[in-house]
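The values are calculated or read from the model by the stated rules, or taken from the named source; none is laboratory data. What you are looking at is a predicted structure, and each value in this text was computed from that prediction instead of being measured. Note: ideal-geometry Cβ built from the backbone for every residue, glycine included; neighbour counts use all protein chains shown.
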Amino acid sequence: MSRTHVFAARPASDMMSVREVLDIVLSKVRCLDAEVVPLQEAGFRIAAEDVLAPAGFPPFPASIMDGYAVVAADGPGEYPVAGQVMAGHPADYVQQPGQVSYITTGAPMPEGADAVVRIEDTEPCGDRVRIKVAVTPGHDVREAGSDMAPGTLVVRAGSVLGPAELGLAATAGTGTVAVTRRPRVSVLSTGDELQPPGEPLGPGQIPDSNHVMLSAMVQRMGCDVRPRTAIAEDTELRLRQEVRASLEHSDLIITSGGISMGEADLLPKVLMDCGAEIHCERVLMKPGKPFTFSSWQAASSGRRCVVCSLPGNPASAMVTFLLFCVPALRHMLGHQPPTLPRIQVMLGSELVPDATRPEFHRFPWAGAHGAGIPSGCLGLGRWPARWPGRLPRGIHRFPAEQPPAQHAGRRRVGDGCARFPAVAGRFDGVRH
Ligand code: AMP
Ligand code: MG
């Protein structure tokens with residue numbers, strides 16, 4: 001039976017809402033297992049467990065200044081120098097009252113001294129040193145564990161190990177950290193018309209732009225993208241080969257193309273032939289209506305894989321990637337929460353919302369509007385429908401007007417007059 005018969009124009013009531021589809025996607029995706037890696041390899045990965053400080057910092061009372069370690073009770077005066085204490089070289093003597101020790105920043109306080117007088121408040125005086133100011137015990141001394149007590153929560157499970165978190169974890173005495181395994185992702189382009197980028201084009205052929213676009217976003221999210229083996233032509237045999245191989249090696253497969261109503265849109269059938277269960281295949285949204293989501297489990301090992309099948313149109317592929325694949329991958333990685341934040345943005349261009357399907361538009365930030373509300377005012381209606389958008393940073397969601405009976409007049413949404421919810425986040429899935 002042809003695809004056209006299977007999916008003969010369905011009414012809107014038959015389509016799932018974006019929210020319903022997202023709930024299904026998240027319910028089928030599991031957080032991946034953890035692996036322990038050296039801190040040096042943990043940059044921008046997701047902590048799988050809370051990181052607690054095994055030790056305090058600093059591990060010993062340390063000088064905050066270059067100067068002289070003193071006994072505070074001695075007060076100002078001229079004193080003999082008992083020795084020098086440099087960072088990394090603790091004193092091998094006990095400092096007596098009436099003595100001072102030269103000390104550098106970060107050096108351990110010599111036993112017997114209880115305060116530091118910075119070098120600017122001292123003066124050499126032959127083989128002695130003049131202490132010019134009175135200080136109280138503890139002055140310019142960083143007590144052991146005062147920056148970070150042992151057991152301090154340094155990084156919460158589910159958060160990104162960014163530069164600050166890595167530095168804190170190292171400071172706390174951590175050498176290795178448990179992170180979520182990188183999702184293995186296959187990106188599969190389908191279509192007889194596609195050629196790898198840069199290849200000469202024959203009649204009717206176009207460059208495959210989705211593969212590099214989607215791979216870059218997936219990589220940026222901290223996933224391993226399986227090297228491309230081929231572009232799958234629109235035959236059941238070729239699609240089956242590529243889907244089978246990808247199922248074996250992936251946690252998530254992202255396909256593009258081949259899921260619409262045309263005679264060459266064979267992917268849903270092929271997915272079913274390969275043992276995948278299709279959970280949704282039409283979404284009430286524009287663009288992105290044909291988005292198809294399926295899951296698969298290996299009979300022998302029980303290993304799971306989910307398949308996000310995006311429409312081939314690059315703009316539709318990008319929108320559905322952000323709405324469904326990004327949360328799926330964030331969920332696999334253990335991000336809390338898996339969905340990107342939603343914010344309000346001011347619309348700066350006119351738009352006639354679709355009567356039935358909520359619309360999703362890509363937009364770059366265009367600075368703040370009024371009381372710090374971001375405004376997304378580029379391109380709406382002007383960009384060619386296929387163009388996925390230059391430097392997109394989020395997508396507006398324009399709800400279809402309700403109830404449908406009111407569509408007769410078709411409201412125009414004008415400059416700066418309305419706020420709309422937007423999914424905030426660059427299209428590489430990184431949160432602001
Ligand atoms: P499809 O979803 O396969 O019907 O494709 C819809 C449109 O997107 C067609 O014009 C395709 O030529 C185009 N298209 C499909 N896949 C890609 C791709 N990987 N890169 C660029 N354009 C594509
Ligand atoms: Mg196609």
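Descriptive notes on the structure:
- Unique residue being of a type outside the set (K, R) and not in a helix (DSSP H, G or I) when the list is A164, A157, A216, A169: A157
- Residue pairs whose Cβ atoms lie under 9 Å apart, separated by 6 or more positions or on different chains, with the first residue in the range 82-105 and part of a loop (DSSP other than H, G, I, E, B) and the second aromatic (F, W, Y), are P90/F60; G98/Y79; Q99/Y79.
- Summed over the range 33-52, the residues that are of a type in the set (A, V, I, L, M, F, W, C) and either surrounded by fewer than 19 Cβ atoms within 10 Å (Cβ to Cβ) or without any contact (Cβ under 8 Å) to a residue 40 or more places away in the chain (or both) give a count of 6.
- Single residue of D265, D251 found to be within 16 Å of ligand 2 (Cβ to nearest atom) and assigned by TED's automatic domain parsing to the domain that holds V326: D265
- Candidates P137, P196, P163 - the one that is within 30 Å of E242 (Cα to Cα) and touching a residue at least 24 places away in the same chain (Cβ under 8 Å): P196
- When A230, A245 are checked against the criterion of being farther than 21 Å from V326 by Cβ and in a helix (DSSP H, G or I), A245 stands alone in meeting it.
- Lone qualifier among L271, L310, L284 - being more than 21 Å from M213 (Cβ to Cβ) and within 16 Å of ligand 2 (Cβ to nearest atom): L271
- Residue that is nearest to the chain's Cα centre (by Cα), among those in the range 193-208 that are within 9 Å of ligand 1 (Cβ to nearest atom) and surrounded by 13 or more Cβ atoms within 10 Å (Cβ to Cβ): D208
- Whichever residue in the range 144-173 is within 23 Å of the chain's Cα centre (by Cα) and of a type outside the set (A, V, I, L, M, F, W, C) and, among such residues, is farthest from M332 (Cα to Cα): G167
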